[in-house]
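What follows is a set of notes on a single structure, which appears directly below.
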Amino acid sequence: MSIASTIAVSGLNAAALRLQVAASNIANSLSDGPLPGASNPENFPAAYAPLRVNQTDTVGGGTSATVSAVSPATVPAFDPTAPFANSDGFVATPNIDLADQIIQLLIARTSYAANAQVIRADAQMSAALLNITA
(Lines give C-alpha, C1' and ligand atoms only; values in the text may rest on other atoms or scores of the structure.)
Protein backbone atom coordinates (compact mmCIF):
# COMPACT_ATOMS: atom_id res chain seq x y z
CA MET A 1 0.00 0.00 0.00
CA SER A 2 1.37 3.40 -0.95
CA ILE A 3 1.76 6.33 1.41
CA ALA A 4 -1.19 8.06 -0.29
CA SER A 5 -3.45 5.09 0.40
CA THR A 6 -2.20 4.78 3.97
CA ILE A 7 -3.02 8.44 4.60
CA ALA A 8 -6.43 8.03 2.94
CA VAL A 9 -7.22 4.98 5.09
CA SER A 10 -6.49 7.03 8.21
CA GLY A 11 -8.97 9.59 6.88
CA LEU A 12 -11.56 6.87 6.27
CA ASN A 13 -11.15 5.65 9.84
CA ALA A 14 -11.56 9.18 11.21
CA ALA A 15 -14.67 9.73 9.08
CA ALA A 16 -16.17 6.44 10.26
CA LEU A 17 -15.56 7.40 13.90
CA ARG A 18 -17.10 10.85 13.31
CA LEU A 19 -20.18 9.19 11.79
CA GLN A 20 -20.50 6.74 14.71
CA VAL A 21 -20.25 9.49 17.35
CA ALA A 22 -22.72 11.80 15.57
CA ALA A 23 -25.21 8.95 15.12
CA SER A 24 -24.94 8.04 18.80
CA ASN A 25 -25.44 11.66 19.84
CA ILE A 26 -28.50 12.05 17.60
CA ALA A 27 -30.04 8.75 18.74
CA ASN A 28 -29.62 9.72 22.41
CA SER A 29 -30.48 13.41 22.18
CA LEU A 30 -33.74 12.89 24.08
CA SER A 31 -32.26 10.65 26.80
CA ASP A 32 -33.00 12.88 29.77
CA GLY A 33 -32.28 12.03 33.37
CA PRO A 34 -32.24 13.54 36.83
CA LEU A 35 -30.10 16.60 37.38
CA PRO A 36 -26.55 15.78 38.52
CA GLY A 37 -26.35 15.94 42.28
CA ALA A 38 -30.14 15.66 42.73
CA SER A 39 -31.55 12.91 44.90
CA ASN A 40 -32.49 9.85 42.86
CA PRO A 41 -34.08 7.28 45.20
CA GLU A 42 -35.72 5.42 42.29
CA ASN A 43 -32.32 5.03 40.56
CA PHE A 44 -33.39 6.53 37.24
CA PRO A 45 -30.59 6.35 34.66
CA ALA A 46 -28.48 9.45 34.20
CA ALA A 47 -28.91 11.59 31.11
CA TYR A 48 -26.83 10.60 28.09
CA ALA A 49 -23.35 12.12 28.10
CA PRO A 50 -22.64 13.35 24.55
CA LEU A 51 -19.31 12.80 22.80
CA ARG A 52 -17.20 14.71 20.29
CA VAL A 53 -14.45 13.71 17.87
CA ASN A 54 -11.07 15.42 18.05
CA GLN A 55 -9.10 15.00 14.84
CA THR A 56 -5.40 15.82 14.55
CA ASP A 57 -2.70 15.28 11.97
CA THR A 58 -0.06 12.62 12.54
CA VAL A 59 3.66 12.77 11.94
CA GLY A 60 4.46 11.43 8.50
CA GLY A 61 0.99 12.14 7.12
CA GLY A 62 -2.50 11.05 7.88
CA THR A 63 -4.86 11.83 10.68
CA SER A 64 -5.79 10.52 14.09
CA ALA A 65 -9.22 10.80 15.69
CA THR A 66 -10.06 10.45 19.36
CA VAL A 67 -13.34 10.67 21.24
CA SER A 68 -13.88 12.91 24.25
CA ALA A 69 -16.84 13.90 26.37
CA VAL A 70 -18.67 17.16 25.78
CA SER A 71 -18.45 19.55 28.72
CA PRO A 72 -20.86 20.32 30.22
CA ALA A 73 -22.51 17.01 29.42
CA THR A 74 -26.00 18.12 30.33
CA VAL A 75 -28.05 21.26 30.58
CA PRO A 76 -31.17 21.80 32.70
CA ALA A 77 -34.49 21.64 30.88
CA PHE A 78 -37.98 22.25 32.19
CA ASP A 79 -40.06 19.06 32.16
CA PRO A 80 -42.25 18.88 35.26
CA THR A 81 -44.01 15.73 34.00
CA ALA A 82 -40.82 13.63 34.09
CA PRO A 83 -40.80 11.25 37.06
CA PHE A 84 -37.21 12.26 37.85
CA ALA A 85 -37.77 16.04 37.66
CA ASN A 86 -36.58 17.99 40.69
CA SER A 87 -38.95 20.04 42.85
CA ASP A 88 -38.70 22.96 40.39
CA GLY A 89 -39.57 20.70 37.43
CA PHE A 90 -36.10 20.57 35.88
CA VAL A 91 -34.35 17.55 34.39
CA ALA A 92 -30.92 17.06 32.86
CA THR A 93 -30.96 16.90 29.08
CA PRO A 94 -27.92 16.04 26.94
CA ASN A 95 -25.97 19.07 25.72
CA ILE A 96 -26.44 18.19 22.05
CA ASP A 97 -26.88 20.68 19.22
CA LEU A 98 -28.69 18.71 16.50
CA ALA A 99 -27.63 21.18 13.79
CA ASP A 100 -23.99 20.59 14.72
CA GLN A 101 -24.54 16.83 14.61
CA ILE A 102 -25.96 17.07 11.08
CA ILE A 103 -22.89 19.09 10.09
CA GLN A 104 -20.69 16.36 11.60
CA LEU A 105 -22.54 13.80 9.45
CA LEU A 106 -21.94 15.92 6.34
CA ILE A 107 -18.26 16.31 7.22
CA ALA A 108 -17.97 12.54 7.66
CA ARG A 109 -19.68 11.87 4.32
CA THR A 110 -17.52 14.35 2.41
CA SER A 111 -14.31 13.19 4.09
CA TYR A 112 -15.13 9.54 3.43
CA ALA A 113 -15.87 10.21 -0.24
CA ALA A 114 -12.69 12.26 -0.72
CA ASN A 115 -10.48 9.64 0.90
CA ALA A 116 -12.13 6.84 -1.08
CA GLN A 117 -11.39 8.81 -4.26
CA VAL A 118 -7.71 9.09 -3.25
CA ILE A 119 -7.55 5.31 -2.84
CA ARG A 120 -9.20 4.82 -6.26
CA ALA A 121 -6.78 7.26 -7.93
CA ASP A 122 -3.80 5.59 -6.24
CA ALA A 123 -4.94 2.17 -7.46
CA GLN A 124 -5.39 3.51 -11.00
CA MET A 125 -1.92 5.07 -10.97
CA SER A 126 -0.38 1.87 -9.68
CA ALA A 127 -2.15 -0.14 -12.38
CA ALA A 128 -0.99 2.30 -15.06
CA LEU A 129 2.58 2.06 -13.77
CA LEU A 130 2.45 -1.73 -13.92
CA ASN A 131 1.12 -1.57 -17.49
CA ILE A 132 3.99 0.74 -18.50
CA THR A 133 6.63 -1.54 -16.99
CA ALA A 134 5.11 -4.74 -18.41
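The values are calculated or read from the model by the stated rules, or taken from the named source; none is laboratory data. Predicted model, so just to flag it, every value in this text is computed and none were measured. So basically every Cβ, Gly included, is an ideal-geometry build from the backbone, and we count neighbours across all protein chains shown. SASA here: full protein model, heavy atoms, side chains in, ligands and nucleic acids out. Shrake-Rupley method; radii C 1.70, N 1.55, O 1.52, S 1.80 Å.
The figures follow:
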read-out: Two-decimal Rg/Rh across the stretch 59-134, once Rg and the Kirkwood Rh are taken from alpha-carbon atoms; value: 1.37
read-out: Under 5 Å, built H, 5+ apart or other chain: amide partners of Leu51; value: Val70
read-out: Contact order relative to length of the stretch 1-93, as percent, for alpha carbon pairs under 8 angstrom and 6 or more apart; value: 30 percent
read-out: Per-selection metrics, the chain (Cα): Rg and Dmax in Å; value: 21.7, 79
read-out: Acute angle (nearest 10 degrees) that the helix 3-27 long axis makes with the longest principal axis of the chain, alpha-carbon atoms; value: 20 degrees
read-out: Accessible surface of the stretch 1-106 [probe 1.4 Å, protein heavy atoms]: carbon and sulfur percent; value: 60 percent
read-out: The chain - accessible surface per residue (Å², probe 1.4 Å); value: 62 Å²
read-out: Solvent-accessible ranking of Arg109, Arg18, Arg52, largest area first, probe 1.4 Å; value: Arg109, Arg52, Arg18
read-out: Residue-averaged 222 nm ellipticity for the chain, from DSSP H runs of 4+ at -39500 (n - 2.57), nearest 500; value: -16500 deg cm²/dmol
read-out: Cβ-placed point charges (K, R +1; D, E -1), dipole of the chain about Cα centre in debye, nearest 20; value: 540 debye
read-out: Helix 98-133 axis, angle to the chain major axis (alpha carbon atoms, nearest 10°); value: 10 degrees
read-out: Packing-based order for 54-60, 114-120, using average beta carbon neighbours within 10 Å, highest first; value: 114-120, 54-60
